[in-house]
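Enquirer: Got a structure for you, written out below as structure tokens; questions coming shortly.
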Amino acid sequence: MTTYPQDKVKPYDDDRSKSRQVEEMFDRIAPQYDRMNHTMSFGTDRGWRRLAIRHLRRFAPRTVLDVATGTGDFAIEAFRGLNPDRIVATDISEGMMEVGRRKVERLGLGDRIVFQREDSQAFSFADGTFDAVTVAFGVRNFEDLDKGLSEMHRVLRPGGQLAILELTVPERHVLRWMYNFYASVIIPALGRVMSADGRAYVYLPTSIRSFPQGEAMRSIIAKAGFRDVKFRRLTFGACTFYTAVK
């Protein structure tokens, strides 16, 4: 197993596994998560999701697995944009998924978007179950990145599509400086005011800075067995969109 820098970055200072700490963190911040997320990104996260869905539309996936779904925003947008037969939205945080379930029920989509607690390191699904696997802003929270990517590869059918959105650090010097100030000072301050767990928004920028991005992440995805791995930087590099094929 390869160890990456983000593996050592955890929300809390104790000996529990990263996945257990991440689960607790998201359970705590679930009620405020959507408001905080849209505030931090100035609403650009919605555009990033729509871009990923436009990419997938040409492949017309009928079954979609949305990993680390959180409160289900990507799953809901994917249903609207792709109209698949079924979306399975998975996460380790029941608190986050409960918020998502309420949103889905209000929209009358409870029979098309199913929330299910799953460990990304060991899915319960059979090989080749899904036409597409998506992850929006969740891979940096994996306990084991290689294992998580390998599991996503396993449950995709041959020719299936992988689409990953992840927050990243801009490469240009001035933009990087501005980003680091915003991430290190503004985001934690917003977290203390708007969230039930300010520590979560100290973990957030730290986890982004420590996560492999660009070419490094492209190589890691390819190592998991994917082919035709590509990436595109969005909004001056604040987010990167990765695509691949099984």
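Enquirer: Taking the alpha carbon gyration tensor of segment 1-145, what are the square roots of 5 times its eigenvalues, largest first, to the nearest whole Å?
Expert: So the equivalent ellipsoid measures 24, 18, 15 Å along its semi-axes.
Enquirer: Residues with beta-carbon under 13 Å from that of residue 63, excluding residue 63: net charge, scoring Lys, Arg +1 and Asp, Glu -1?
Expert: Numbers: positive: 62, 86, 112, 157; negative: 66, 85, 131.
Neighbourhood net charge equals +1.
Enquirer: Turning to a different aspect of this structure: So, with +1 on the Cβ of K and R and -1 on the Cβ of D and E, and no other charges, what is the size of the charge dipole of the chain about its Cα centre, to the nearest 20 debye? Before the final figure, lay out the partial values.
Expert: Working: 38 positive and 31 negative charges, 202 e Å.
Dipole size: approximately 960 debye.
Enquirer: Expected output is a single nm value to one decimal: the length gained when fully extending between residue 111 and residue 193, i.e. 0.36 nm times separation in residues minus the C-alpha distance. What is it? Mind showing how you got there, number by number?
Expert: Numbers: separation 82, 0.36 × 82 = 29.52 nm, distance 3.65 nm.
Fully extending the segment from residue 111 to residue 193 adds 25.9 nm.
Enquirer: Lys/Arg Cβ at +1, Asp/Glu Cβ at -1, dipole of the chain taken about the Cα centre: which of 4, 235, 116 is farthest positive-ward?
Expert: Going by the Cα projections, it comes out as 235.
Enquirer: Beyond a 29 Å Cα-Cα separation, which of these cross-linked pairs lie in this structure: 103/230; 103/147; 147/230; 103/246; 8/103?
Expert: Exceeds cut-off: 103/230; 103/147; 103/246; 8/103.
Enquirer: Working from the pairwise distances between different alpha carbons, so that the mean of 1/r is found and then inverted, what is segment 124-166's Kirkwood radius in Å?
Expert: It is 10.6 Å.
Enquirer: Taking just the alpha-carbon atoms of segment 110-195, what radius of gyration and Dmax come out, in angstrom?
Expert: Over segment 110-195's Cα set, Rg and Dmax evaluate to 17.3, 48 Å.
Enquirer: Same structure again: Across the Cα atoms of segment 178-244, what radius of gyration and what greatest pairwise Cα-Cα distance (Dmax) are found, in Å?
Expert: Just the Cα atoms of segment 178-244 yield Rg and Dmax of 14.9, 43 Å.
Enquirer: Report the far tail of the P(r) of the chain, meaning the percent of Cα-Cα pairs longer than 26 Å.
Expert: Counting pairs separated by more than 26 Å, the tail of P(r) holds 34 percent.
Enquirer: Which chymotrypsin sites (Phe, Trp or Tyr not before Pro) in segment 16-89 pass both tests, a DSSP loop state and at most 15 other beta-carbon atoms within 10 Å?
Expert: Passing sites in segment 16-89 are 42, 59.
Enquirer: Here is a further query. Suppose only helical runs count, i.e. DSSP H with n ≥ 4. What mean residue ellipticity at 222 nm does that imply for the chain under -39500 (n - 2.57) per run, divided by all residues and rounded to the nearest 500 deg cm²/dmol?
Expert: Taking each H run of at least 4 residues, the total per residue is -13500 deg cm²/dmol.
Every read-out reported here was derived from the displayed coordinates using simple, explicitly stated rules and does not represent laboratory data. Values in this document were obtained by computation on a predicted structure and should not be read as measured data. Neighbour counts run over all protein chains shown; Cβ positions are idealised from the backbone, glycine included.
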